[in-house]
Structure formats: C-alpha cells, structure tokens
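Quick notes on the structure that follows.
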C-alpha cells in the first residue's frame with residue numbers, strides 16, 4: 001500500500017510525456033542476473049530516455065556504478081555533440097549508496113538493506129522492486145490514413161489490458177526535399193536498386209517534448225489526413241493491479257502515408273455492422289497469402305503493396321469489421337499471428353489458436369473465436385500425412401495408398417495440416433460445436449491427393465463426433481469445416497461433402513495416372529453443405545480464377561441466414577488481379593451467418 005501511495009503522489013497525469021523518478025530493480029528466481037532501470041532527464045540537454053542494465057548477481061556496488069556511468073557518458077556524448085555542447089558539461093554523478101564498503105559488497109545486498117536514495121545527475125531516485133515494465137515497444141512499419149495504428153508491446157510483471165497509452169504527432173512534417181526522398185526510397189525498392197539511392201531521414205527527437213503534440217490516449221490510433229507526412233510517437237505506461245511502471249516511448253519508423261481510399265471490403269462491412277444473435281454464428285474463412293509465397297508471379301501488383309507490413313493493415317481491418325464469431329485463417333505467418341493477429345483480435349474478444357504446418361515453413365492455420373459466445377473445450381492439430389500413418393481410423397486408406405509406391409511417396413511428402421476445435425455454446429451448454437480448419441494440397445494434377453485429404457478429414461470428424469457422443473450423450477453436436485480446399489466445384493471434394501459418397505471409379509482418383517488410387521470408395525456419414533454455395537471466384541489472379549474456398553456446415557444442424565456478397569468481377573479485375581493496392585491476398589474472404597436449428601431432419 002505504501003508503494004501504491006508513492007506512485008499516486010509522484011506520477012505525472014497530463015497530456016505530455018510521463019515521468020517517474022525511481023530506480024526499478026528486478027530479480028528473477030531463475031536467472032543469475034538482475035536488472036536496474038531508470039528514467040533520465042539530463043538538465044543540460046533536456047534529454048529524456050530510459051536506461052536499462054542487466055548485471056551479474058554478485059557484482060559489487062562500485063562496479064555497477066562504474067558500468068552505469070560509462071554507458072551514460074557514451075550515450076549522452078552523441079546528444080551533446082548534436083547540441084554542440086562539450087562533454088565537460090556532462091558532470092555525470094552516480095551514487096547508488098554511501099556505504100564505505102561498496103567496493104566489497106554486492107549491489108543487490110546494499111540496495112536491499114539500504115534506505116539511502118539513489119543519486120543520478122544530482123537527482124534523487126527512490127528504489128522500487130519488480131515493478132511493471134516495458135521490454136519492447138514498436139510501431140508498425142506501414143501507417144496509412146484510415147487504418148488503425150497500434151503498438152506491438154512486450155511487457156513484464158504487467159497486465160496488458162491495464163496498460164495506458166498516449167499518442168503524439170510530430171510538430172514538423174517531411175520537407176519537400178524529404179518527400180522526394182521517400183519517392184526515391186520506393187523506387188530504390190521497386191526498380192532493384194537501379195535509381196538514386198535515398199538518404200536516411202531522421203525523425204524528430206523522441207526525448208524533446210516540444211517537438212510533439214498530444215493526439216490520443218487509447219491502445220490504438222486512427223490516423224487522419226492531418227497526420228500525413230508526420231511521425232507518430234507512442235508512450236506506454238505498464239500497469240498491474242497494484243502499481244504502474246516507468247513510461248516507455250518509441251517513434252514510428254515511417255511517417256504517415258495517405259491511404260488508398262475506399263476499399264472493397266468496406267462495402268461488405270455494411271452487411272456486418274451488427275453481431276448476430278446468440279443462436280447464430282457468423283463464420284469467416286480467409287487465406288491471407290503467407291509472405292513466403294509472395295514472389296514474382298504478382299508482377300501486376302506494386303511491390304510496396306506486396307509487403308506484409310502493408311498487407312496486414314488491410315486484412316486486420318477487414319476481419320475486425322466483420323464482427324464475426326469464428327474466423328478460420330490459412331497461410332498465416334507465424335510472426336504475423338504473434339505480433340499482429342493475436343494481440344489485435346484478442347482486444348476484440350477473439351482469442352486465437354495457431355498451428356504451424358508440417359515441414360520447415362513458417363506459416364500455418366489459425367482459428368479465432370468469440371469468448372462471450374463460445375467456450376473452448378478441446379483443440380487438436382496434426383499433419384494429415386503423419387496422421388494417415390499413425391491413426392487406426394485411417395488404416396483402410398493407408399493400406400490402399402501403400403499399394404502404389406509413387407502415390408505413397410507423394411502423399412507422405414505433403415505437409416498439409418488439419419485443425420479441430422470443440423466449443424460449447426455459452427447460452428446453450430447442451431450444444432457442442434466442432435470447428436475444422438484446413439488448407440489442402442494445391443498442385444494442379446493432385447485432385448486425388450486433395451480428395452484423399454478431405455476424406456481423411458471427414459473420417460477424423462466422424463470419429464470425433466462418436467467419441468464426444470459417448471462422453472456426453474446429452475449434448476447436441478454439430479460440425480463446421482472451413483478452409484482453402486484448392487478444389488473446384490466440379491471435383492470430388494464438394495461431391496464427398498454433399499453426396500456423402502465417392503465411388504472407387506471416381507475421375508479424381510486418376511488425376512495423375514502414375515499415382516492412381518485404386519479400389520477406394522469413401523463414405524461420409526455427415527452430410528455437409530457449402531454456406532456460400534459455389535461462387536465463380538474465391539481466388540482471382542491474372543492467370544488463374546476459380547472457386548477454391550468453402551465454409552462447409554452440417555446440413556441438418558444449421559440454416560444459412562445471410563451470406564455477405566463477394567466483390568464483383570469488375571472490382572476484382574480493376575487492378576488486373578489479386579493481390580492489389582486494395583486487396584491484401586490473392587483470395588477473398590467468405591462470410592456467412594449460420595443459425596443452429598434442432599429437429600431439422602436426420
């Protein structure tokens with residue numbers, strides 16, 4: 001309580017930079033080191049920054065003082081040189097203790113037993129222990145008017161939901177000469193470094209309060225036209241239920257740019273302004289186009305619009321605007337999930353589950369769910385080819401595959417995965433929902449592989465339903481299966497879902513003659529239907545256009561109450577194909593509202 005009262009007396013509550021005059025000492029039970037951090041305001045240069053030192057547990061107090069002093073001298077020398085001041089004016093003083101034996105006693109032992117306040121630059125700092133702190137704070141590398149700008153934070157001893165943020169805009173903007181330099185930088189990237197190399201543009205000093213004006217105080221900021229060509233600065237004050245930590249700030253790596261104007265997904269948002277009722281579920285499936293697959297094939301798209309820093313602004317805003325209950329994503333970059341999708345959608349009440357594909361790729365499947373409507377009961381993910389070899393429920397299919405060595409080798413090389421999540425409806429605990437998410441093999445001669453993978457998926461869900469019914473016979477169980485199935489409407493995957501049977505002589509089994517699947521009928525006991533039907537296009541590039549993505553739902557458990565219209569071909573082709581400056585992926589998202597019904601039929 002005494003510590004909390006100290007913060008309430010000393011913290012700065014105003015629209016400018018926050019300052020706290022204390023030295024924070026952090027000790028970890030699992031580390032042989034401790035950390036010291038404090039905020040410095042140099043009276044000679046008005047330089048403000050946070051210093052953070054990691055030191056050995058046994059280091060003497062005198063050695064710690066010397067290390068801090070030398071680091072501060074090196075850091076401040078650059079600031080003094082910029083201000084044309086001499087290093088003699090620094091006069092740095094560091095006094096962690098007045099103990100005459102500090103050359104023999106460890107810093108930690110002295111600080112623990114001492115009531116003596118720390119002196120830095122003739123300023124007094126009170127000692128506090130293990131307070132909340134900011135480990136890292138970054139602003140996204142692409143800031144566009146009309147697209148929320150948010151910080152990526154890593155906190156320690158803090159509750160992310162309690163952190164406070166302040167946003168500032170630089171007083172000055174880019175000069176005309178600097179604006180030209182931004183153009184040079186873009187040309188430098190787009191033309192393969194065959195034009196004038198840009199010079200580095202230095203943003204305003206983040207420590208100089210006079211160069212920044214306060215513009216907002218929330219966890220994200222929506223840039224306006226007034227912000228164009230200005231830098232942004234964000235300050236984070238970490239908190240937990242007991243206290244606040246030292247403020248930490250960072251400047252955006254780029255200035256705010258004008259956005260592309262109205263985006264096609266904004267017309268689709270008109271259908272999703274309100275959330276669906278408690279008995280309904282709004283479902284989204286979306287292939288985001290993983291960064292590692294962005295290559296030279298999309299020559300019609302400007303290179304800057306292919307950058308993941310640019311594209312993720314679009315699919316984040318698009319997904320959030322659908323007000324959905326379930327979001328199934330494919331081709332999700334691991335870094336994008338951890339740094340963008342997970343923290344941003346969690347703020348919207350949509351925590352996420354990510355599972356990487358097999359092999360060495362850094363992308364996979366993600367599912368986000370609305371916590372005030374769905375309670376997660378269990379989740380599982382597996383690589384389909386590994387499951388084929390290991391799971392008894394797939395033995396019949398595995399024996400068939402093993403009869404053809406070429407087929408076996410190709411199937412086992414595939415790293416496609418399947419996600420499966422079981423939810424309980426919060427308003428109706430007697431109803432359990434299974435949600436599947438997948439991305440099937442994409443090669444053009446692999447209809448047989450995709451049909452095998454889809455068939456294995458439905459065998460798995462059949463077994464899962466049976467297991468859950470034995471475990472909870474009083475529950476009503478339903479299935480939704482989403483993803484990029486890479487399968488045309490005329491292929492066997494849709495037939496398996498709708499007609500529930502694939503004969504052994506189906507045409508897909510011989511899509512590759514050398515790898516033909518022989519004598520393998522497939523039975524699917526769960527009749528599924530496509531919520532969006534079979535639109536002309538869910539994937540649209542300059543050389544390929546077709547329907548590949550589906551939201552399959554259990555036909556006797558749901559009615560479709562709404563499907564969000566897809567962009568017209570005129571809109572899709574406006575910039576030749578996807579992706580483009582207004583479409584972040586080569587796929588479009590599918591959005592459908594499903595209503596759970598009972599006694600609809602067997």
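Couple of notes before you dig in:
- Residues that are surrounded by fewer than 18 Cβ atoms within 10 Å (Cβ to Cβ) and farther than 28 Å from residue 23 by Cβ, drawn from region 129-144: 141
- Breaking point among (1) within 33 Å of the chain's Cα centre (by Cα); (2) in a helix (DSSP H, G or I); (3) surrounded by fewer than 22 Cβ atoms within 10 Å (Cβ to Cβ), for residue 451: (3)
- Selection within region 318-346 - under 27 Å from residue 277 (Cα atoms) and surrounded by fewer than 20 Cβ atoms within 10 Å (Cβ to Cβ): 320, 321, 323, 342, 343, 346
- Flag: residue 228 does not match the condition of being within 30 Å of residue 301 (Cα to Cα), surrounded by 15 or more Cβ atoms within 10 Å (Cβ to Cβ) and either in contact with a helix residue (DSSP H, G or I) (Cβ under 6 Å, 6 or more places away or on another chain) or without any contact (Cβ under 8 Å) to a residue 60 or more places away in the chain (or both).
- Residues of region 377-400 include at least one that is assigned to a loop (DSSP other than H, G, I, E, B), more than 30 Å from the chain's Cα centre (by Cα) and under 25 Å from residue 503 (Cβ atoms).
- Scope region 210-220; condition in a helix (DSSP H, G or I) and exposed (fewer than 15 other Cβ atoms within 10 Å of the Cβ); matching residues: 210
- Single residue of region 48-93 satisfying the filter (at pLDDT below 80 and closer than 21 Å to residue 117 by Cα) that is surrounded by the fewest Cβ atoms within 10 Å (Cβ to Cβ): 91
Quick grid of which residues meet (1) closer than 21 Å to residue 324 by Cα; (2) in the same structural domain as residue 173 (by TED's automatic domain parsing); (3) in contact (Cβ under 8 Å) with a residue 24 or more places away in the chain:
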site: 223; (1), (2), (3): no, yes, yes
site: 234; (1), (2), (3): no, yes, yes
site: 240; (1), (2), (3): no, yes, yes
site: 244; (1), (2), (3): no, yes, yes
site: 247; (1), (2), (3): no, yes, yes
site: 256; (1), (2), (3): no, no, yes
site: 268; (1), (2), (3): yes, no, yes
site: 286; (1), (2), (3): yes, no, yes
site: 292; (1), (2), (3): no, no, yes
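- If the condition is being closer than 21 Å to residue 166 by Cα and modelled with pLDDT under 85, then region 23-47 contributes 39, 40, 41, 46, 47.
- Taking the criterion of being in a loop (DSSP other than H, G, I, E, B) and crowded, with 20+ Cβ neighbours inside 10 Å, the residues of region 297-317 that qualify are 298, 301.
- Condition met for residue 266 (over 19 Å from the mean Cα position of the chain (by Cα) and either at pLDDT 95 or above or within 30 Å of residue 427 (Cα to Cα) (or both)): yes
- Any chance residue 351 is touching a helix residue (DSSP H, G or I) at 6+ places or on another chain (Cβ under 9 Å) and modelled with pLDDT under 95: no
- Note on region 377-400: among residues that are within 12 Å of residue 453 (Cα to Cα) and touching a helix residue (DSSP H, G or I) at 6+ places or on another chain (Cβ under 6 Å), the one that is surrounded by the fewest Cβ atoms within 10 Å (Cβ to Cβ) is 398.
- Selected residue [within 30 Å of residue 312 (Cα to Cα) and in contact with a strand residue (DSSP E or B) (Cβ under 8 Å, 6 or more places away or on another chain)] from 50, 128, 152, 41: 152
- Residue match in region 198-219 (condition: more than 29 Å from the chain's Cα centre (by Cα) and at pLDDT below 55): yes
- For region 252-271, filtered to residues that are buried (at least 19 other Cβ atoms within 10 Å of the Cβ) and touching a strand residue (DSSP E or B) at 6+ places or on another chain (Cβ under 9 Å), the residue that is farthest from residue 215 (Cα to Cα) is 268.
- Condition met for residue 323 (modelled with pLDDT of 95 or more and assigned by TED's automatic domain parsing to the domain that holds residue 585): yes
The values are calculated or read from the model by the stated rules, or taken from the named source; none is laboratory data. This structure is a prediction, so every number in the text was calculated from the model and none was measured. Reconstructed Cβ throughout: ideal geometry from the backbone, glycine too, with neighbour counts over all protein chains shown.
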